[in-house]
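The values are calculated or read from the model by the stated rules, or taken from the named source; none is laboratory data. Remember, predicted model here, so these are calculated numbers, not experimental data. Note that we place each Cβ from the backbone using ideal geometry, even for glycine, and neighbour counts take in every protein chain shown. Areas reflect the complete protein model, heavy atoms only, side chains present, ligands, DNA and RNA absent. Shrake-Rupley method; radii C 1.70, N 1.55, O 1.52, S 1.80 Å.
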Amino acid sequence: MVSNMKPKLEDVAKLAGVSKTTASRVLNNRGYLSEKTLKKVHDAMETLNYQPNAAARQLFKQETGLIGLIFPTVSNPFFGELVNYLEYELYQRDFKVIIGNSLQDTDKETDYLNQLLAGQVDGLIVGTHNQGIAEYKYSHLPIVAIDRIMNSDIPIVESDNYHGGVLATERLINAGVKHIVHTNGPSSLETPAHRRRVAYETIMKNNGLEPHTFTIDFKLSFAEKKRRYQQLFDSYPDMEALFVSNDVDASIIMAIAKERGRKIPEDLLIVGYDGTELMRNVMPQLTTVVQPIEEMAKIAVDILLKRIAGDKTESEYILPVTLWEGTTGHR
Ligand code: RIB
């Protein structure tokens, strides 16, 4: 006999062979759930033509109107401007944001993730600087990464780091210097920013010059970075030029050079990286590779919304960089 009664959550749970609590967690997308459990409950819902009520349906479809943004720290102008543009773009499209600063703290990133993955947001946009975090693997949420290599299911938006490395290194070689040092983060970090180093080392070798890469962790405090960069000056007393992997560090190095009586550009050339609007205005003399931050944010939002809609996307989006010609990169 076919019942005319509308199926209830208990019926779904019974058919799926799970508890009502588990069926409810699937419905509300809360907590970790295995693929097997998700499938069993979804199949049971379909078989019974289970229609959740409006509130539950909103949760079921994850229509929270919220997007999580997890970035290292908005105190760095690159990430600050990026988050600013992301928030602007998302707001235009009726989304609000929840922001987590994850720098130096894998546990904090995991904590944000667990909360956000538990049905609190419709999608995530995440940046780099923490090592692989397992929770991302189990996520059913649409995610887009910026500057961070996650896994084959998560599309990545980045600027052309290799070309940026070429532009910076060639700028310095064309200025006539030979002893050029490059600073970059640890190669264990899963980020395409390493391609700046690959480009630097390749161009140096192609020009018969010896590459010297100085590894420094982006996460260090200002005091710690100053100490490390003093060591860099001590280690390379004959250094004629530096290609620095971000503008904040380039400005720390410029301050140390001044303390040490090294005049820029007369005694030392510097090319930075990022070219944020802030740095181009407060330090226009710094020659730097400009990442198209606004376009990166727009594309990341476009892709995320496509993923939320269930549309196909590419796995990698590489945007062009340009060189900001200040006075520190040539004489
Ligand atoms: O300034 C922050 C740096 O970290 C940027 O170069 C960005 O690309 C990231 O890797």
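How large are Rg and Dmax for the range 182-331 when only the alpha carbon atoms are used, in Å?
For the range 182-331, the Cα-based Rg and Dmax read 17.3, 58 Å.
Send over a whole-number figure in Å² for the accessible area per residue of the chain, probe 1.4 Å.
Accessible area per residue: 48 Å².
For residue 38 and residue 152, calculate 0.36 nm times their separation in residues minus their Cα-Cα distance, and state this gained length in nm to one decimal.
Going from the current span to full extension adds 38.9 nm.
Want the number for residue 259 to residue 315: 0.36 nm per residue separation, take away the alpha-carbon distance, what's left? Before the final figure, lay out each step's value.
Numbers: separation 56, 0.36 × 56 = 20.16 nm, distance 4.58 nm.
Extra length available between residue 259 and residue 315 comes to 15.6 nm.
Let me see the pair-distance distribution of the chain: every alpha carbon pair, 20 Å bin width, integer percents in order.
So the P(r) values, bin by bin, are 29, 46, 19, 6, 0.
Could you tell me whether the range 288-331 comes out rounded, prolate or oblate from its Cα gyration tensor? Rule is a ≥ b ≥ c as square roots of the eigenvalues, rounded for a/c under 1.5, then prolate if a/b exceeds b/c, otherwise oblate. Walk me through the intermediate numbers first.
Working: a/c = 7.58, a/b = 3.69, b/c = 2.06.
Taking the square roots of the gyration eigenvalues as a ≥ b ≥ c, the range 288-331 is prolate.
What is the pair-distance distribution P(r) of the range 266-312, computed from all Cα-Cα distances in 5 Å bins starting at 0, with each bin given as a whole percent?
5, 19, 18, 13, 12, 9, 9, 7, 5, 2, 1, 0
Can you give the local net charge around residue 210? Use residues other than it whose beta-carbon is closer than 14 angstrom to its beta-carbon, Lys and Arg +1, Asp and Glu -1.
Surrounding charge for residue 210 is -1.
Among the aspartates and glutamates, which have Cα under 19 Å from the Cα of residue 8 when same-chain residues fewer than 8 positions away are ignored?
In chain and number order, the partners are 43, 46.
Listed here are the pairs 20/312; 39/219; 219/298; which of them are more than 31 Å apart at the Cα?
20/312; 39/219
In the chain, carbon and sulfur make up what percent of the accessible area (probe 1.4 Å)?
Values: 7960 of 16020 Å².
Percent of accessible area from carbon and sulfur atoms in the chain: 50.
Say each of residue 140 and residue 110 gets a label point 7 Å from the Cα, pointing the same way as Cα to Cβ; how far apart are those two points in nm?
Those two pseudo-labels are separated by 2.3 nm.
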